1. Does F290 satisfy being in contact with a helix residue (DSSP H, G or I) (Cβ under 8 Å, 6 or more places away or on another chain) and either within 28 Å of F189 (Cα to Cα) or open to solvent by less than 50 Å² (accessible area, probe 1.4 Å) (or both)?
2. Condition first: in contact with a Phe, Trp or Tyr (Cβ under 8 Å, 6 or more places away or on another chain), among the hydrophobic types (A, V, I, L, M, F, W, C) and open to solvent by less than 60 Å² (accessible area, probe 1.4 Å). Now tell me which residues in region 23-54 satisfy that.
3. Does any residue of region 116-125 turn out to be surrounded by 12 or more Cβ atoms within 10 Å (Cβ to Cβ) and assigned to a helix (DSSP H, G or I)?
4. Scan region 243-282 residue by residue and report those that are at positive phi and in contact with a helix residue (DSSP H, G or I) (Cβ under 7 Å, 6 or more places away or on another chain).
5. When you look at T83, is it open to solvent by 60 Å² or more (accessible area, probe 1.4 Å), under 30 Å from E112 (Cβ atoms), under 59 Å from the mean Cα position of the chain (by Cα) and of a type in the set (S, T, N, Q), yes or no?
6. In this structure, does L162 turn out to be under 30 Å from I61 (Cα atoms), open to solvent by less than 80 Å² (accessible area, probe 1.4 Å) and in a helix (DSSP H, G or I)?
7. Please indicate, with yes or no, whether at least one residue in region 99-119 is closer than 30 Å to D171 by Cβ, polar (S, T, N, Q) and modelled with pLDDT of 80 or more.
8. If you check A94 against the conditions, is it exposed (fewer than 12 other Cβ atoms within 10 Å of the Cβ) and either closer than 30 Å to L26 by Cα or among the β-branched types (V, I, T) (or both)?
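The values are calculated or read from the model by the stated rules, or taken from the named source; none is laboratory data. Quantities reported herein were computed from a predicted structural model and do not represent experimental measurements. As a convention, Cβ positions derive from the backbone with ideal geometry for all residues, glycine included, and neighbour counts pool all protein chains shown. Only protein heavy atoms, including side chains, enter the accessible area calculation; ligands, DNA and RNA are left aside. Shrake-Rupley method; radii C 1.70, N 1.55, O 1.52, S 1.80 Å.
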Amino acid sequence: MKKLKILLTYISSNRVWIITLACLDLFFIFLAWLANPDYYINYIALIIFVSFAAFAIPLAISIRKRNRADAIFRHFLLEPNDTNEYLLCEAVPAVLRPYICELGQHLRTQQEYINEQKITVTDYEHYIENWVHEIKKPLSLMTLLLDNRKDEMSPLVHTRMLYVRDHTRQDIEQILYFSRLGATHKDYFFEPLSILETCREAVEDNLTLLEETGFFVEYTENDYQVISDKKGLMFILGQIISNSVKYAGNNPAPQLLFSIADSEQISLSIKDNGTSIPLSDLPFVFDKGFTGDTGSYLSRSTGMGLYLVQKMATDLSITVELKNNSYGGTTVTLTFPKVERPFGRK
């Protein structure tokens with residue numbers, strides 16, 4: 001099929017010469033008929049044979065050259081150095097050689113620019129990762145002071161300091177997980193996890209944020225086990241809780257409800273009664289950097305939280321859906337993959 005397609009392409013590209021050759025054949029056939037009508041049929045066969053040979057032989061040579069030029073061209077695209085450029089110029093007609101030289105120079109310039117950008121990005125990633133690890137030291141010191149010098153602070157100051165610490169910790173986690181998503185090798189550890197216990201742990205990690213806003217947290221009684229990476233799942237839950245806190249609005253009694261359902265697949269729904277998302281923003285909430293009409297009023301909204309949630313969920317084969325509640329607020333649903341246990345194990 002591929003060879004037939006190449007042959008048809010060559011015939012189509014040389015149709016002007018084919019039509020010209022056919023017209024000449026008709027003219028010579030007419031002359032042959034005028035010169036000697038008795039041998040007219042023999043002359044027709046000879047003319048057609050010569051014309052076919054005159055077309056088929058150059059066509060076969062052209063296809064062979066084309067295949068060789070195609071292989072050289074692919075090597076040239078992968079590595080547009082001077083050697084491959086020279087080989088390609090030798091394999092194509094002379095009229096195309098100036099274009100090949102110009103293309104080679106352009107590709108080499110772009111490759112140098114890309115290599116420089118890769119180095120710059122790598123250096124920047126290393127700097128950010130080192131900065132994140134260094135900033136953990138003052139955070140640890142802050143935690144130590146808040147634990148050991150609690151009696152020296154007023155309860156209000158102590159609570160506000162815990163709030164600042166946890167908010168800073170979440171921002172640092174965002175940077176770490178953003179860096180982790182781009183890594184070639186990811187150290188995910190999949191294990192059986194209790195959804196309810198994981199949710200309680202995520203709430204405990206973000207307790208100061210919830211208490212500062214006055215959230216009432218509620219859980220359903222049913223619980224199920226899923227196979228997932230605990231750190232990744234905790235990050236997803238932390239970002240969802242942070243969003244609920246961020247968009248609590250002026251609600252005097254903010255609530256957060258964790259409910260688990262098991263139909264065909266196990267799903268976890270996290271409902272709040274804060275600010276709903278405008279319908280025009282719903283299709284874009286998982287886009288990188290998107291803050292929308294609601295987020296634009298909050299200076300701390302970066303549009304990265306749900307983007308990272310979506311990326312991490314994809315890595316863990318978790319489906320994420322977000323919708324508005326009829327009574328206000330939003331519901332984020334995490335649907336976990338159905339994992340079949342190996343035969344013979346319990």
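1. Numbers: in contact with a helix residue (DSSP H, G or I) (Cβ under 8 Å, 6 or more places away or on another chain): yes; either within 28 Å of F189 (Cα to Cα) or open to solvent by less than 50 Å² (accessible area, probe 1.4 Å) (or both): no.
Against the criterion (in contact with a helix residue (DSSP H, G or I) (Cβ under 8 Å, 6 or more places away or on another chain) and either within 28 Å of F189 (Cα to Cα) or open to solvent by less than 50 Å² (accessible area, probe 1.4 Å) (or both)), F290 does not qualify.
2. Within region 23-54, I29, A32, I47 meet the criteria.
3. Step one: of region 116-125, the residues surrounded by 12 or more Cβ atoms within 10 Å (Cβ to Cβ) are 125.
If we keep only those that are assigned to a helix (DSSP H, G or I) as well, we get 125.
Looking through region 116-125, at least one residue is surrounded by 12 or more Cβ atoms within 10 Å (Cβ to Cβ) and assigned to a helix (DSSP H, G or I).
4. Taking region 243-282 and keeping what is at positive phi, we get 249.
If the condition is that a residue be at positive phi and in contact with a helix residue (DSSP H, G or I) (Cβ under 7 Å, 6 or more places away or on another chain), then no residue fits.
5. Numbers: open to solvent by 60 Å² or more (accessible area, probe 1.4 Å): yes; under 30 Å from E112 (Cβ atoms): yes; under 59 Å from the mean Cα position of the chain (by Cα): yes; of a type in the set (S, T, N, Q): yes.
Taking the combined requirement at face value, the residue satisfies it.
6. On the way: under 30 Å from I61 (Cα atoms): no; open to solvent by less than 80 Å² (accessible area, probe 1.4 Å): yes; in a helix (DSSP H, G or I): yes.
Answer is no for this residue.
7. Yes.
8. Numbers: exposed (fewer than 12 other Cβ atoms within 10 Å of the Cβ): yes; either closer than 30 Å to L26 by Cα or among the β-branched types (V, I, T) (or both): no.
When the stated conditions are applied, A94 does not pass them.
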